[in-house]
Every structure is written in C-alpha cells, then in structure tokens.
Ligand code: M6R
C-alpha cells in the first residue's frame with residue numbers, strides 16, 4: 001500500500017526521497033511524488049506511474065531543498081492520476097502533506113471546508129488534510145495562535161482531531177522550514193536517527209541504508225522532526241521522551257543479492273529463515289523456551305479455546321496452527337480471517353487465547369481484530385516478522401519469526417517461518433501442560449531441525465518444476481486438492497498461483513470435491529494433488545482418481561510411495577511429520593507459481609492490484 005519517506009538534513013533531499021521510495025516499491029503503488037522546501041515556497045513534483053518516472057519530470061534535478069516529503073500512492077479515493085497523487089497542498093500553497101491510510105469522514109470534512117471557501121483539485125480523501133491545517137492555522141484557538149513556534153504543530157493537531165479513520169501523515173511548510181511534522185494512527189511510521197539529519201518512512205527498509213536507529217511512532221503520537229532533534233508529543237501536545245530502537249536488519253538483506261527477483265531470493269532463503277526461527281528456542285533433549293514471553297502453567301490451564309486470526313498467507317499458517325495446537329495441546333482451536341472475526345461477534349473471554357499472525361505486523365484488519373479480543377478480556381499473542389511493528393506493540397505477548405525482510409508481495413519465507421514458529425509454540429504449550437508424550441515432542445523437534453536441509457534438497461532440484469510450469473503456463477484454471485494439512489497448504493499453493501500468475505485457481509479439501517466442484521473438471525484441466533499424510537494416502541488417491549477419470553491432467557506432490565502410472569507427473573519431496581509437512585510441500589508450489597509467472601512475462605515481485613502491507617480495511 002502507500003509508502004511514505006521524509007528527509008531533513010544537509011543533503012539535497014530529492015535523491016534521498018526517491019531512493020527511499022524505490023525501496024518501498026514492493027508495497028504496491030500506482031503513482032509517486034515528492035515535495036521539497038525551496039527558498040520560501042514548496043515545490044511539488046508528482047505523477048502517476050513508476051517512481052523512476054519522477055526523474056523525467058522537468059525541473060526535478062534543480063531542486064536544492066534539504067527538507068522534503070515523498071509518497072507512493074495506492075489508489076483508494078480517485079483513480080491513479082497526477083492530480084490524485086501525493087503530496088497535496090492547501091489552497092494557499094502553504095502546507096504540503098502526504099498521507100497513508102483512509103479518512104473515513106472526508107466527505108463531511110470536504111463539505112465543511114467548501115462552505116469555508118476551500119476548493120479541491122483532486123478526488124482524494126487526503127486533500128482535506130492540508131486544507132484543514134490551513135484552516136486551523138488561520139482560525140485556530142487563540143492559545144495555539146499565541147505561540148508562533150507551536151502554531152504549525154497546533155494546526156496539525158487540530159486538523160488530525162477532526163479525522164476519522166487511519167493515517168500516517170507528514171506535513172511541511174515554508175512557515176517552519178526546518179521541521180517536518182508527523183503523526184500516525186493505525187498506519188505505520190518510523191523515524192530514523194542520523195547525524196545532523198533525520199529520516200522518516202512508513203517502513204524500515206526504506207531508510208535502512210542510512211541508519212539502524214529508529215523511533216517507532218505510536219498511535220496518536222506527534223513528532224516534530226528537525227535535522228538535529230526529534231521532539232515527541234502526545235495527543236494533548238504534552239512533550240515526552242522516547243527510546244530509540246536498534247534494528248539489526250542488514251541493509252543488504254533487503255537487496256536482491258544476485259537473484260533475478262526478490263521472490264526467488266526469498267524462496268531460496270527459507271532454509272536460513274527456518275534455522276533462524278528455531279534459533280535457540282529448543283534443542284534436542286531440552287524443553288522449548290520462549291525468553292520473550294512469560295506464559296504460566298496456571299494461565300495456560302485456564303485457556304479453553306485458542307483462536308488464530310490473520311489474513312491471506314498468514315491465515316493459511318494459522319490453519320496449520322490449528323492442527324498443531326489441537327494435536328499437541330488438546331485445546332479446541334479456531335482459525336479466523338481477521339476481516340471476518342472483527343465483525344462477527346466471536347465468543348471471547350478471559351479463557352480465550354487469541355494468536356495473531358502477521359508478517360508485516362501492520363495489517364489493518366489483523367490489528368483491529370486484536371484490539372477487539374483485548375476489549376473482551378482475552379490475552380493476545382502476536383507472531384510477526386517485524387520487530388516493533390504495530391501488532392506487537394498492541395499484543396500482550398509477542399514472538400518473532402526471524403525470516404529477515406520479506407520484500408516480494410507474494411509471501412514465501414514468512415509462511416514457512418510462521419508454520420515453524422507455531423509448531424515450536426505448540427510444543428512449548430504442550431510441554432507446560434503435559435498434553436503430549438515426551439517422545440512425540442522429541443520426534444517433532446528432530447523433524448523440525450531436519451527441515452532446512454530437506455528444503456535445500458528440494459531447492460537443489462527445480463528443473464522438474466520448471467519444466468512442468470512450461471507445459472501449463474498458458475492455462476486458465478487450475479485446482480489444488482489435499483486432505484488435512486495437505487488441504488491447508490493447497491490453499492496457500494492456490495493463492496500463490498493466483499496472485500503472481502493471474503491464473504484462476506481453487507483449492508478444495510479433496511473429499512469435498514464431489515459435492516460440487518467436480519462439475520468444473522473437464523478434459524485437460526490441471527489438478528495438483530498434495531499427499532503427505534500416510535494415513536490419508538488411499539483416500540487422497542481415490543479423490544484424484546475421480547478427476548483423472550474426468551480427463552484432468554495431474555501433478556502429485558508427495559512424500560509417500562504411490563502407485564505408478566496413474567498420474568501425469570509425480571514430484572517426490574522428503575518425508576516429515578504431517579503436522580509440519582506444509583513447510584516442505586509448499587516449496588514446489590511456490591516455485592511453480594514463480595516459473596509460471598516468469599514464463600508469462602509478468603512482474604513477479606509486484607503483481608497487479610496487490611500491496612505488500614495492507615494497512616487499510
Ligand atoms: O503482513 P501480513 O502477514 O499481515 O499480510 C497478510 C496478507 O496480506 C499476505 O499474507 C498476503 O496474502 C500475501 N500477498 C500472500 O502472498
């Protein structure tokens with residue numbers, strides 16, 4: 001979704017801003033723009049299209065300003081166009097603003113401003129913000145107006161008080177040429193601390209080459225950023241101090257490292273991501289430990305239901321989590337899509353543990369679903385890949401996958417790390433509760449430890465998958481079938497294919513096929529079957545036999561011995577515990593989608609209409 005960058009220091013701001021926007025391209029966008037303070041006025045350069053197009057705008061190289069704000073827009077209100085691109089200015093060209101999020105009451109605010117003589121040049125919700133700032137700057141409460149230095153901040157605060165919805169905002173004005181004012185609510189914003197310069201971004205990777213020291217802005221918190229200082233204020237404009245967080249991510253880890261695409265790089269990083277996620281959380285012969293959370297036996301014994309709540313791929317990780325929690329901990333577990341959970345009045349109380357999975361930790365629906373559970377007295381546990389992300393700051397407990405930055409829109413290493421981490425969490429709970437035998441847990445630990453080398457085996461032999469992709473990349477429809485955790489991973493395989501190859505696909509529980517979807521199977525349709533659970537081999541084969549009879553072309557991903565001659569293609573992967581087999585069986589499906597997308601000549605890392613971090617509802 002939209003991305004924000006800001007710079008204030010001694011360098012020319014434009015290159016820093018554009019470089020930052022390029023690092024945020026992965027979030028998904030359709031237009032880009034910057035604004036800098038040039039002498040006594042604001043210069044805005046913006047257009048629809050790619051960030052690199054900004055370099056073609058006349059006069060952009062002449063910008064000398066050392067203070068600037070920048071934005072990539074993912075259209076919500078109004079189509080992608082120059083007028084709708086950010087930054088937006090007020091009618092008097094005194095204030096420039098970039099904004100991520102959605103202003104839900106913008107029509108009301110537009111009407112109010114129109115009645116007060118303001119005009120609008122765009123269809124965006126954002127354009128009300130600079131005009132509101134102007135309105136309050138000129139009509140604000142006397143107490144604010146009295147102190148000229150605080151007047152800009154006071155006007156931003158008054159404007160923000162009128163907003164309903166979510167926002168991360170940067171504002172500049174030649175009236176206060178040495179500061180950028182920022183504020184956020186339900187949309188991420190970080191400030192990077194440099195030497196005689198400071199940086200602002202919606203996402204850490206955008207400014208990671210400049211600094212590793214970050215202030216993570218909280219909801220309803222304001223910051224006045226100047227080149228030597230950052231001042232923080234609460235919603236009543238009372239100033240406070242804020243601690244710096246050192247982020248250990250390596251800037252190179254956010255680069256492509258010689259790979260053609262981020263997605264391919266991230267697929268190949270999975271063995272490392274799993275090793276890092278296991279880290280020191282367990283060793284063979286020793287109990288699991290989570291130093292970062294303090295969950296007691298007394299509390300766990302009181303939990304009578306677990307919810308996994310998430311979106312997209314993270315939701316698919318939650319589905320595997322259900323099997324793990326129910327099998328190892330014997331606690332009834334439900335899995336919800338966050339956008340459904342938050343509006344369906346789920347039955348939650350202090351005996352419910354709600355686990356939220358989010359790679360970015362910034363997904364609007366997941367955060368809202370977490371706040372809902374807290375308000376019902378449930379304990380909340382966040383699983384995220386981003387230290388200090390919004391979800392981890394809201395949750396009672398937070399644990400991290402250590403997958404490193406995931407840039408490609410299609411999630412790969414985050415998924416496998418999430419499943420691994422949930423497996424460790426389930427073992428940890430089971431050890432506290434005594435709900436599984438030591439030998440069962442010890443075997444699962446050893447299976448988990450073996451996973452990275454088994455992933456390496458799959459990654460060392462990708463020709464078969466590539467060849468299969470070449471045969472089917474022109475198809476229009478595909479089906480993914482499985483039972484149990486094979487069904488869970490079929491959903492992930494199908495999502496991956498849809499989002500980066502634009503091929504329509506469906507995943508079904510194999511036994512459900514004959515209750516309707518089988519009507520869609522006809523000559524030549526591709527069906528991908530996943531069979532990794534020894535107890536379900538025969539039943540799964542029977543289901544796939546049913547589609548073969550109706551003319552389907554089949555690819556089977558399996559770690560079992562299955563009869564020869566039935567299927568068109570069989571891809572054998574290493575064997576492991578069915579509870580964690582999605583970590584292995586998903587790899588060929590990730591690669592299949594990747595190669596299909598490449599054969600189709602599509603942009604693998606930035607699929608159409610999608611954003612990496614979905615920070616609006
Ligand atoms: O950052 P999150 O894990 O909360 O993101 C959730 C989904 O938006 C994400 O998994 C999405 O489905 C991916 N594009 C899937 O590849």
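The numbers here are math on the coordinates, done by the rules we state, and not lab data. Since this is a predicted model, take the numbers as computed values, not measurements. We place every Cβ from the backbone using ideal geometry, glycine too, and count neighbours over all the protein chains shown.
Between the range 96-114 and the range 389-414, what's the alpha-carbon centroid distance in Å?
What the calculation gives is 31 Å, centre to centre.
When a footprinting reagent is the concern and you count Cβ atoms within 10 Å, what order do 74, 249 take, fewest first?
Working: 74 21, 249 15.
So the ranking, lowest neighbour count to highest, is 249, 74.
So how do 351, 71 line up by other beta-carbon neighbours within 10 Å, fewest first? Write down the numbers at each step before the final one.
Details: 351 13, 71 30.
Placing the least packed residue first, the sequence is 351, 71.
Debye calculation, C-alpha points only, no solvent: report log10 I(q)/I(0) for the range 3-248 at q = 0.10, 0.12 Å⁻¹, in the same order as the q values.
Debye output, listed in q order: -0.40, -0.60.
Pulled fully out, how much extra length does the chain show between residue 105 and residue 123, if you take 0.36 nm times their separation in residues and subtract their Cα-Cα distance?
Numbers: separation 18, 0.36 × 18 = 6.48 nm, distance 1.38 nm.
Result: 5.1 nm gained on full extension.
Any idea what angle helix 463-472 forms with the longest principal axis of the chain, computed on alpha-carbon atoms, 0 to 90 degrees, nearest 10?
Once rounded, the angle reads 80 degrees.
Give the separation of the Cα centroids, the range 328-366 to the range 14-52, in Å.
With the range 328-366 and the range 14-52 each reduced to a Cα centre, they are spaced 37 Å.
Can you check what the Kirkwood hydrodynamic radius comes to for the chain, Cα pairs only, in Å to one decimal?
Values: mean 1/r = 0.0390 Å⁻¹.
Every distinct Cα pair counted, the radius reaches 25.6 Å.
What FRET efficiency do you get for residue 340 and residue 38 if R0 is 51 Å and r is their Cβ-Cβ distance, rounded to the nearest 0.05? Mind showing how you got there, number by number?
Numbers: r = 49 Å, r/R0 = 0.95.
The value I calculate is 0.55.
Roughly how tilted is helix 582-599, in degrees to the nearest 10 and between 0 and 90, from the longest Cα axis of the chain?
60 degrees
Any chance you could list P(r) for the range 188-329, counting all Cα-Cα pairs in 10 angstrom bins from zero, rounded to whole %?
Computed distribution, short to long bins: 9, 23, 28, 27, 12, 1.
Angle, helix 537-549 long axis vs. longest principal axis of the chain, Cα atoms, 0 to 90°, nearest 10?
The angle comes out at about 80 degrees.
Find the centroid of the Cα atoms in the range 479-546 and in the range 254-326, then give the distance between the two in whole Å.
Taking the Cα centre of each part, the range 479-546 and the range 254-326 sit 25 Å apart.
Can you give me the P(r) profile for the range 225-299? Cα pairs, bins 10 angstrom wide beginning at 0, each as a whole percent.
For the range 225-299, the pair-distance distribution reads 12, 23, 21, 28, 15, 1.
Let me have the relative contact order for the chain, percent, based on Cα pairs under 8 Å that are six or more residues apart.
On the way: 1385 pairs, mean separation 73.7, N = 617.
Over the chain, the number comes to 12 percent.
How would you rank 110, 344, going from fewest to most other Cβ atoms within 10 Å of each one's own Cβ? Don't jump to the answer; show the numbers that get you there.
Details: 110 17, 344 10.
Listing 110, 344 from fewest to most nearby Cβ atoms yields 344, 110.
Counting only C-alpha contacts under 8 Å and six or more residues apart, can you give the relative contact order of the range 3-248 as a whole percent?
Details: 609 pairs, mean separation 48.8, N = 246.
Computed over the range 3-248, the figure is 20 percent.
Determine the percent antiparallel among the DSSP beta bridges restricted to the chain, to the nearest 5. All intermediate terms of the calculation are to be shown ahead of the outcome.
Values: 59 of 99 bridges.
DSSP beta bridges in the chain are roughly 60 percent antiparallel.
How compact and how long is the range 463-599, expressed as Rg and Dmax of its alpha-carbon atoms in Å?
13.3, 37
In Å³ and rounded to a whole number, note down the convex hull volume per residue for the Cα atoms of the range 434-476. Walk me through the numbers on the way to the answer.
Numbers: hull volume 4.4 nm³, N = 43.
Taking only Cα atoms, the range 434-476 has a hull volume of 103 Å³ per residue.
Just the number, please: Stokes-Einstein D of the range 255-456 in µm²/s, Kirkwood Rh from C-alpha pairs, 20 °C, 1.002 mPa s. Intermediate results must be reported in sequence, preceding the final value.
Values: Rh = 17.0 Å.
The Stokes-Einstein estimate is 126 µm²/s.
If you average 1/r over all unlike Cα pairs in the range 362-410 and invert the result, what Kirkwood radius do you get in angstrom? Walk me through the numbers before you get to the answer.
Values: mean 1/r = 0.0875 Å⁻¹.
One over the average 1/r among Cα pairs gives 11.4 Å for the range 362-410.
Once you have all Cα-Cα distances for the range 499-551, histogram them in 10 Å bins from zero and send the whole-percent values.
22, 53, 23, 2
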